[in-house]
Amino acid sequence: MNAEPGLDFLFLPHQLVEPERLISKGTAAERLIAVGTTPDRLIAKGTAPTAWIVEEWLFFVVVPWATFFIYEVLQLFFPWTQSKQRAFVVVEMIAAASATLALVYHDRWYTLTAAGGLALGSTWLLWKRPWWTAAFLRSWGVGLIPFFIVNGVLTGMFLPEPIVWYNNAENMGLRLGTIPVEDALYGTFMMLMYTAGVHWSRQRFPKRPE
């Protein structure tokens, strides 16, 4: 059975039929696999998970670097050196919404991990209150533009079938067009981890004057 992508209105439930060759319904595999890649779209051929390991692991390298590049460019040309209280009010709303989703959908693996991770990351921001919080939120907002374009292509918004498919048993079933809401939560969490990690490394290992 082929995946059947479609373009629904914002936040309306969108049912994506998983390929039967990738998920055996009613088995443990269905409960564990939350996302996968259509085999015909892979560079590395083989059986899951090795079939998509190249593309998936590149995602963890390329996407955080690209989003942090946006952060660095904005800071270079339009530097923000402090965060006002309203920035943390936004973080509080993100933390509350993410925690609520993680609790309500605790039985859905993708929602729990994406929303739960973002809730923990936002809580850390509220605890440490780093100076770069506002700059991070700005780059996050700008980064949403390429995120929706690229992820829209990956999830089949402009294609006859999606490159990446999702097991709706493990997410909320809510889509931004063809993009699961969890992707936005997960992407934000990754951006936050990378940004925090770079700032930590710069403090821990400061550049020596030449």
### Task
Putting +1 on Lys and Arg Cβ atoms and -1 on Asp and Glu Cβ atoms, find which of Ala184, Ser122, Asn171 reaches farthest to the positive end of the dipole of region 65-185.
Ser122
### Distance (nanometres) between label positions extended 7 Å along Cα→Cβ at Glu92 and Val62
4.0
### Query
Label points 7 Å out from Cα along the Cβ direction at Lys84 and Val150: separation in nm?
3.1
### Query
How much FRET efficiency would the formula 1/(1 + (r/R0)^6) give for Leu159 and Val104, where r is the Cβ-Cβ distance and R0 is 41 Å, rounded to 0.05?
0.80
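None of the figures in this text is laboratory data; all of them are computed from the coordinates on show. Note that the structure is predicted; figures quoted are calculated from it, not measured. Note that we place each Cβ from the backbone using ideal geometry, even for glycine, and neighbour counts take in every protein chain shown.
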